[in-house]
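The values are calculated or read from the model by the stated rules, or taken from the named source; none is laboratory data. Since the model is a prediction, treat every value here as computed from it, not as a measurement. Cβ: placed from backbone, ideal geometry, glycine included. Neighbour counts: every protein chain shown. Just the protein is used for accessible areas: all its heavy atoms, side chains included, with ligands, DNA and RNA removed. Shrake-Rupley method; radii C 1.70, N 1.55, O 1.52, S 1.80 Å.
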Amino acid sequence: NMLAFPDINEAVEFGLALMEELKEKRITADYSDLSEMIKFGCVHDTFLTMGPHKTTGRADYFGKVVNRAARITAKSALGTVNFGVLADNDGKTTLPRLKEKFVCHFKGVKELKGVQEEMGLYEVTLDTKENVPLGLLTYDD
């Protein structure tokens, strides 16, 4: 499924919250980590056209942004939240302005199927330095 967000921060935050929720639910027969069964990819760009979906009537988006998001997801590892940005001619990328609580890990510049431009792929995690789980806290004497 494709979801549309007005801001890259909202997309990343949704993806991370989804992964966390799936880790907690474990509704499979063997109690597997559901987050390890999906991947979340997003990109910030404008769509070419939008119209009602033929069956649901919900917004249906068209344009490069849709294909790029799908291809970023395809290049992502299971259990991760990723976003992509266009790379310039030198293979360099410019990160969008993300909230400070997000940590970006550069995965490299990738050629994506059906996408003419190269894209920088980033995996995103939450900065947990302020919120360490109780079991991992260490105390100095």
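Each Cα pair under 8 Å and six or more residues apart adds its sequence gap; the mean of these over the residue count of the chain is a relative contact order of 20 percent. Shape annotation for the chain: C-alpha extents along the principal axes are 60, 42, 25 Å, from largest to smallest.
Loop-only check: which trypsin sites (Lys or Arg not before Pro) in the stretch 29-97 are DSSP coil with at most 13 other Cβ within 10 angstrom? Could the numbers behind the result be given before it?
Values: sites: K39, K54, R58, K64, R68, R71, K75, K92, R97; in loops: K39, K54, R58, K92, R97.
Qualifying residues, ordered by number: K54, R58, K92, R97.
For the chain, the carbon plus sulfur part of the accessible surface works out to 52%, probe radius 1.4 Å.
Could you pull out the longest piece of the chain with no exposed loop chymotrypsin sites (Phe, Trp or Tyr not before Pro) in it, calling a site exposed if DSSP puts it outside H, G, I, E, B and it has at most 15 other Cβ atoms within 10 Å?
Details: sites that count: Y31, F47, Y139.
Answer - 48-138.
Work out, step by step, the length gained on full extension between N89 and L48: first 0.36 nm times the residue separation, then minus their alpha carbon distance; give nm to one decimal. Mind showing how you got there, number by number?
Values: separation 41, 0.36 × 41 = 14.76 nm, distance 2.37 nm.
Here the answer is 12.4 nm.
What the stretch 8-126 shows is 64 Å² of accessible area per residue, with the surface traced by a 1.4 Å probe over protein heavy atoms.
Only DSSP H runs of four or more residues enter the estimate; each adds -39500 (n - 2.57), and after division by the residues of the chain the mean residue ellipticity at 222 nm equals -7000 deg cm²/dmol. Residue pairs exceeding 25 angstrom between C-alpha atoms, taken from K23/K101; K54/K99; K39/K64: K54/K99. When the charge dipole of the stretch 8-126 is built from unit charges on Cβ atoms (+1 for Lys and Arg, -1 for Asp and Glu) and taken about the Cα centre, the candidate among G41, V124, H53 whose Cα reaches farthest toward its positive end is H53. The distance separating the Cα centre of the stretch 87-112 from that of the stretch 1-71 comes to 19 Å.
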